[in-house]
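In what follows, a single structure is set out as structure tokens and then discussed.
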Amino acid sequence: MMSGPTKTMGVITFATLVLITAYTVALGSSGWLWFGWVVLGVATIGMAAADAGEPRLRPPRARHHRPGPQP
């Protein structure tokens, strides 16, 4: 499961791909835009790999103290 920031980065990467594709269709290709998208994609893959490598630690469960007779 990916963390929130990693999911956001994935959405941004995908949205950028859509925008660059639309730009390329409308106005022609730009090598720098595609290069920038590749860099963004590599950064996103790196974030996802780093996120997947982190151990998931669950916070300790809170123990509810029940009032009762004191010894």
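The values are calculated or read from the model by the stated rules, or taken from the named source; none is laboratory data. It should be emphasised that the depicted structure is a prediction, and the values quoted were computed from it without experimental measurement. Ideal geometry is used to build each Cβ from the backbone, glycine not excepted, and the neighbour counts take in all protein chains shown.
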Return the residues of the range 1-39 that are among the hydroxyl-bearing types (Ser, Thr, Tyr) and assigned to a loop (DSSP other than H, G, I, E, B); say none if nothing qualifies. 3, 29, 30
Mind checking which pairs have a first residue in the range 1-18 that is surrounded by 12 or more Cβ atoms within 10 Å (Cβ to Cβ) and modelled with pLDDT under 90 and a second that is among the small types (Gly, Ala, Ser) and part of a loop (DSSP other than H, G, I, E, B), Cβ under 7 Å, 6 or more apart or different chains? none
Go through the range 30-44 and report how many residues are farther than 15 Å from residue 8 by Cβ and aliphatic (A, V, I, L, M). 4
